[in-house]
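Asks: Before we start, here is the structure in question, set down as structure tokens.
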Amino acid sequence: MMRFSFLLLVAGCLEVPTGPGQECSTSSDCDRGETCSEGLCYGNPPQGQFAATLSAPSTRDDLISTELASLVIPADGWLGEIQLETPVTISGRIEAFCNTGNQTCSTLSVGAQIRLTRPSRIAGAPALRFSVQSKPDLPRGTDSFTIRVPRTQPGDESWSVTIDPDGGGDKPAADGSTTAAELFPPRRLALSATDDIEHQTYTLGDPAPVVITGTLRDAFSNSLTNYRVVALGRWDGETNATEVSTVDFATDGTYSIEIADNVMAPLEIVARPFDENDVSPTLRLRNVNLASQQRNLTQPSGLGQRRVIDVPVQALAGSGEVKTVAGVRVIVTALVTSTLTDDLRAVFTKETTTNETGIARISVLDGPALVNSYKVRLVPPASSTYGVVDSGTLKLPAMGATSTDPVTADAMRLPARVALRGTVVDSHGNALDGVSVTARRSQRFLWSVSDDDQAFLDEIPASTALTPESGEFILWVDPAVADIWGNYDLFFETPSSSPAPNWLVPDYALPRVPNPGTITLATIVIPDGARIHAKVIDKDGAAVEGCDLRVFQISSNDNVCMEVGHPPQTCPPATVVLGHGLSDDRGKLQLTLPRP
């Protein structure tokens, strides 16, 4: 099994020992071919392909986070002086598009969130993300935003800039005013920032917009009021669907939305009640093309009326006693497809959490179109001994014709989780205490389930434990989700005072046996560590304090992508963080990498 170490939290720099406590005086005092420097042994690093990121302190506007797409680690562990990049400045203002000669157009700036993203230079590492807020109502001649980002280098993709107008939340403005999101659709553009791009004006709106209008009706042709209507679409073939239109808070049974420019078809119109007391389902109309048109949305019949139910959530304790469980997320969903077109669906979704007595109170609709189609997902608290329910059935109790009192549904039962037991020791066999142990779903597990189940799997809290002096731990994990057996990455984060590095056991596969109960792992041996060190400087050669250097190891093994049923469209190589450390007031930093 291939293993990597992974550092979850920022660890402080280690003090360089002096006097009797120092490790070495000369390199001959070090083992394994290491080199003595300032009383510590460095070098003899692990083999492999490495990269790194170096963050800049928030107090230095003249510096920006820096990526090292290829990092060579010398045998003596000295990376030398690493210079932080200087940023480029992007500034300007957001305004509304105005037809030439139209004197009624406002020239004040528009409030909006501006998000810049770019793929990392390190294959498999997270994308770079920056954001800034455009201030509203500023006169021309004034920038409404300023942001500093890394300079676009040869080989880099351009920055993808998304401008989302303010006021597109779940509800209309409390003061009844019309927000920017109701007037202007989002905008997406690309910027290659090889140098400063300052004092530019970016407009929202279009001279010939695509506008989609329609009515919102129930099954009896009555107007549906207080609905938030928006279009979902994709900016490109690799991104998920997102909101790509103006937002209409429809109050009279009609809606009108303007579609953003340069959006990919097809679109989906989504109409959701914004009154929190309205439990009507969300209407979703798929396969809408990019043309101005009228598309009416009508509720299916047979939805029924609002009912309040109490759902007890229980589990079987180790003693055999059935007990209720507090703090469980309860997610109730149902789906009804229109009899007129398969493209129109009514989607019911409500969520709550069980109270201290293990009861989830939730409002549903009792009509025949929904009553037999309610599904329930249950997510217990982190590190609970009880597991998730990914596709439970909610059976509504008998209800009086006019009663509004809550009624109790059949209890839902949480299954037992699997206990992963183990012991953590160092390379000399000594038990390690204070090690934070975490089990997270692996990529294999995630990409083996459907897209919908992937979102659910990512919502399950990771199981964690802290080892005592014995080095023992217990992690409680779900044996399966959506009928797929669980695979987990096991992370071991050692205390900053420990000479042992952090460690990862990747893609541990639970035994494929029914009701495995407790699984005892082989002893987890964390290997000895190789110290490496560096100095962080600015463009003038001065030391920089408070910089975080993260070293990645990159694997070219992409077999997982070919072995699972639902891999992403682009499958990056496995990239993990081997270790990281902070620079001190001299610009010096050190970190420990494991020697597998």
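Asks: Lys and Arg at +1, Asp and Glu at -1: add these up for the other residues within a Cβ distance under 10 Å of PRO150 and post the number.
Replies: +1
Asks: Okay, next question. Scattering from the C-alpha atoms of region 369-441 alone, worked out with Debye: what is log10 I(q)/I(0) at q = 0.27 1/Å?
Replies: Summing over Cα pairs of region 369-441 leads to -1.28.
Asks: List the chymotrypsin sites (Phe, Trp or Tyr not before Pro) within region 26-112 that fall in a DSSP loop (any state other than H, G, I, E or B) and whose Cβ has at most 15 other Cβ atoms within 10 Å.
Replies: In loop regions of region 26-112 (DSSP not H, G, I, E or B), the sparsely surrounded chymotrypsin sites (Phe, Trp or Tyr not before Pro) are PHE97.
Asks: Then there's this: Tally Lys and Arg at +1 and Asp and Glu at -1 over the other residues with C-beta under 15 Å from the C-beta of TYR386: what net charge comes out?
Replies: +2
Asks: Pick out, in residue order, every one of the trypsin sites (Lys or Arg not before Pro) in region 453-561 that is DSSP loop and has at most 12 other C-beta atoms within 10 Å; say none if there are none.
Replies: Within region 453-561, the qualifying trypsin sites (Lys or Arg not before Pro) (loop, at most 12 other Cβ atoms within 10 Å) are ARG512, LYS539.
Asks: Over region 387-501, give the accessible area per residue in Å² for a 1.4 Å probe, as an integer.
Replies: Solvent-accessible surface per residue comes out at 45 Å².
Asks: Hey, another quick one. Counting alpha carbon pairs within less than 8 Å and at least 6 residues apart, what relative contact order, in whole percent, applies to region 155-305?
Replies: 24
Asks: Would you kindly calculate the mean projected area, averaged across all directions, of the convex hull enclosing the Cα atoms of the chain, in square nanometres?
Replies: 33.0
Asks: Ok, one more. Sequence gap at least 6, Cα distance under 8 Å: using those rules, report the relative contact order of region 133-196 to the nearest whole percent.
Replies: This gives 36 percent for region 133-196.
Asks: Additional query: Taking Cα pairs under 8 Å and at least six residues apart, what relative contact order does the chain come out at, in percent?
Replies: That works out to 15 percent.
Asks: Computed over the Cα atoms, what is the radius of gyration of region 486-596 divided by 2.2 N^0.38 Å, N being its residue count?
Replies: Rounded to two decimals, the normalised Rg is 1.42.
Asks: Taking GluC sites (Glu not before Pro) that fall in a DSSP loop and have at most 14 other Cβ atoms within 10 Å as cut points, what is the longest piece of the chain between them?
Replies: Formally, the longest exposed-site-free interval is 470-596.
Asks: With θ set to phi - 60°, apply the Karplus curve 6.51 cos²θ - 1.76 cosθ + 1.60 along region 390-395 and write out the HN-Hα couplings as whole Hz, x wherever there is a Gly or Pro.
Replies: My calculation for region 390-395 gives 9, 7, x, 10, 9, 9 Hz in order.
Asks: How many lysine pairs are close in the chain, with Cα atoms under 24 Å apart and the two 8 or more places apart or on different chains?
Replies: 9
Asks: Next question, about the same structure. When the accessible area of the chain is computed with all protein chains present and a 1.4 Å probe, what percentage of it is carbon and sulfur?
Replies: Accessible surface attributable to carbon and sulfur in the chain totals 47 percent.
Asks: Can you work out the FRET efficiency for the pair ASP585 and GLN305, with r the C-beta to C-beta distance and R0 = 60 Å, to the nearest 0.05?
Replies: Computed FRET efficiency for ASP585 and GLN305 comes out at 0.35.
Asks: Related question: Lys/Arg Cβ at +1, Asp/Glu Cβ at -1, dipole of region 283-420 taken about the Cα centre: which of ALA346, SER319, ALA360 is farthest positive-ward?
Replies: Farthest towards the positive end: ALA346.
Asks: Return the long-range amide H neighbours of LEU204 (sequence gap of 5 or more, or a different chain), with a cut-off of under 5 Å between placed amide H atoms.
Replies: Counting only residues 5 or more places away or on other chains, the set is GLU95, ALA96, PHE97.
Asks: Which of the chymotrypsin sites (Phe, Trp or Tyr not before Pro) found in region 462-545 are in a DSSP loop and have at most 15 neighbouring Cβ atoms, other than their own, within 10 Å?
Replies: Sparse-neighbourhood loop chymotrypsin sites (Phe, Trp or Tyr not before Pro): none present.
Asks: OK, next. Could you give me the radius of gyration and the Dmax of region 44-112, taking only the C-alpha atoms into account and expressing both in angstrom?
Replies: 22.7, 71
Asks: Once every DSSP H run of n ≥ 4 in the chain is given -39500 (n - 2.57) and the sum is divided by its residues, what mean residue ellipticity at 222 nm do you get, rounded to the nearest 500 deg cm²/dmol?
Replies: Computed mean residue ellipticity for the chain: -500 deg cm²/dmol.
Asks: Return the long-range amide H neighbours of THR353 (sequence gap of 5 or more, or a different chain), with a cut-off of under 5 Å between placed amide H atoms.
Replies: Sorted by chain and number, the residues that satisfy this are VAL330.
Asks: Put +1 on the Cβ of each Lys and Arg and -1 on the Cβ of each Asp and Glu in the chain; which of THR242, ALA398, GLY471 then has its Cα farthest toward the positive end of the dipole?
Replies: Checking the options against the dipole of the chain, the answer is ALA398.
Asks: Around VAL247, under 15 Å between beta carbons, what's the net of Lys plus Arg minus Asp minus Glu among the other residues?
Replies: Combined, the nearby Lys, Arg, Asp and Glu give -4.
Asks: Give me the distance in nm between label points sitting 7 Å out from Cα along the Cα-to-Cβ direction at ALA174 and ASP137, one decimal.
Replies: So the label points at ALA174 and ASP137 sit 1.6 nm apart.
Asks: Would you kindly derive the ³J(HN,Hα) couplings of region 359-373 from the backbone phi angles with the Karplus curve 6.51 cos²θ - 1.76 cosθ + 1.60 (θ = phi - 60°), listing them in order in whole Hz, with x for Gly and Pro?
Replies: Coupling constants for region 359-373: 10, 10, 9, 8, 9, 9, 10, 9, x, x, 5, 10, 4, 9, 10 Hz.
The values are calculated or read from the model by the stated rules, or taken from the named source; none is laboratory data. Given the structure is predicted, the values throughout are model-derived calculations rather than measurements. Note that each Cβ is placed from the backbone with ideal geometry, even for glycine, and that neighbours are counted across all protein chains shown. Protein only, heavy atoms only, side chains kept; ligands, DNA and RNA dropped before computing areas. Shrake-Rupley method; radii C 1.70, N 1.55, O 1.52, S 1.80 Å.
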